[in-house]
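Student: Take a look at the following structure, please.
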Amino acid sequence: MDRYIGIDAHTTSSTVAVVGPTGRRLRCDVVDTQAKALIEYLRGIAGDKHVCLEEGQQAEWLYEVLSPHVADVTVANIRGMPSSDNKSDESDAFTRADDLRLGRIKKRVYKQRGTFGELRALVHVYDKLMGDHVRAQNRIRSVFRARGIEVRDPRYPPEEQTRLLNALPVYQRQAAELLFAQLTATGVTRKAADDALTAEAKKHSMAKLLMTMPGMGIKRAAQMMAVVVDPNRFRTKQQFWSYCGFAIQTRVSSEWERVGREWVRIRKPMTRGLNRAHNNMLKNVFKGAAKTVIATADPQEPLYQDYLRLTEASTRPDLARLTVARKIAATSLAMWKRSETYNPEAYRRQPESRDE
């Protein structure tokens, strides 16, 4: 007998609701948000247990500890899904159970880590530390911009720091020195994260394979591996484009018009754009790879030849760059699936996609 279980997890307590296959509400209890307590509770439920919980800070941990003890765990992205007017922990838990039972979950969050557990952790912390370092740089730049002082070297070596501090009035110098101290600290931790990420990525043979793709360095390959984990979860390149934020979306409304006694469908202008629900890290990986390919300007590289062909045909440079990013994404995914290195000649022989 199937049991559909919704969990509304919070820092100290989790509300667990159990629903039968017909939708009958069987029970609802509050359990400590601890692995042992949740596992013992689930073991006390008979039948095939199907668990659903919302995407959140604890979702990956809960997925990891609960998966071995139930038939399956679904992490749902509930953004945009309808919710009940009377919101409570109990109603949220029953809603998640019913969503799973009725198949209403349209966006499932992938939480498996495969052999990339440590790499995933390092990729996420590297991304955060890089953001902190850039933020510290911007804070310093804003201080001197506000005083009309030109920053000549954004890396802020000691001689540049001395010059900038001397240009400030005395009452602002100590505050600026503290910002420079923060920049130094974030630089040290960022470098340590960079070294750790690079060392871990080199342990995986797939990183070396992906790096044969133009524009894909060691860190971009590591980020792709950490996010994708299993390339076979994307059946087509169109699915992967959507995940990366490269899918073209069209919208149209009021497309029927009465002609005589009949309704006739008419073609109306459609709004075109890229999908907004996507993985930001992957989008940055492939857009960055496309920029590298274009900046390198290797006349023998077919990806660069594609970019030149598009711009010569009056395609806007940003749209041509997007097309190159889409090609890099699709080719990288295919290389991973087939365990093949990048072959420019094989790439040239590929037929043009209808989507491009």
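The values are calculated or read from the model by the stated rules, or taken from the named source; none is laboratory data. Quick caveat: nothing in here was measured; it's all calculated off a predicted structure. Reconstructed Cβ throughout: ideal geometry from the backbone, glycine too, with neighbour counts over all protein chains shown.
Student: Can you tell me which residues in segment 121-144 are under 13 Å from ALA201 (Cα atoms) and either outside the structural domain of TYR171 (by TED's automatic domain parsing) or among the aliphatic types (A, V, I, L, M) (or both)?
Tutor: Listed by number, the residues that qualify are ALA121, LEU122, VAL123.
Student: Between a residue in segment 101-126 that is buried (at least 17 other Cβ atoms within 10 Å of the Cβ) and any residue that is aromatic (Phe, Trp, Tyr) and assigned to a helix (DSSP H, G or I), which pairs come within a Cβ distance under 8 Å, given they are 6 or more apart or on different chains?
Tutor: Matching pairs, first to second residue: LYS111/TYR63.
Student: So which pairs qualify, if the first residue must be in segment 196-210 and under 18 Å from TYR342 (Cβ atoms), the second must be not in a helix (DSSP H, G or I), the Cβ gap must be under 7 Å, and the two must be at least 6 apart or on different chains?
Tutor: Pairs found: LEU209/SER339; LEU209/THR341; LEU210/MET216.
Student: While we're looking at this one, here's another question. Can you tell me which residues in segment 66-108 are aliphatic (A, V, I, L, M) and either out of contact with any Phe, Trp or Tyr (no Cβ under 9 Å at 6 or more places or on another chain) or part of a helix (DSSP H, G or I) (or both)?
Tutor: Within segment 66-108, LEU66, VAL70, ALA71, ALA76, ILE78, MET81, ALA93, ALA97, LEU100, LEU102, ILE105 qualify.
Student: Just checking, how many residues over segment 174-204 are among the small types (Gly, Ala, Ser) and either modelled with pLDDT under 95 or farther than 17 Å from VAL123 by Cα (or both)?
Tutor: Total meeting the criteria: 4.
Student: Look at segment 193-240 and say how many of its residues are exposed (fewer than 13 other Cβ atoms within 10 Å of the Cβ) and assigned to a helix (DSSP H, G or I).
Tutor: Within segment 193-240, residues that are exposed (fewer than 13 other Cβ atoms within 10 Å of the Cβ) and assigned to a helix (DSSP H, G or I) number 5.
Student: Can you name the strands (runs of 3 or more DSSP E) wholly within segment 250-356 that have at least 3 residues being surrounded by 11 or more Cβ atoms within 10 Å (Cβ to Cβ), among the basic types (Lys, Arg) and touching a Leu at 6+ places or on another chain (Cβ under 9 Å)?
Tutor: none
Student: Looking at ASP29, ASP92, ASP48, ASP98, which is the one that is outside the structural domain of PHE240 (by TED's automatic domain parsing) and either touching a helix residue (DSSP H, G or I) at 6+ places or on another chain (Cβ under 9 Å) or more than 17 Å from TYR4 (Cβ to Cβ) (or both)?
Tutor: ASP29
Student: Somewhere in segment 127-137, is a residue in contact with a Lys or Arg (Cβ under 8 Å, 6 or more places away or on another chain) and either assigned to a loop (DSSP other than H, G, I, E, B) or aromatic (Phe, Trp, Tyr) (or both)?
Tutor: No - not one qualifying residue is present in segment 127-137.
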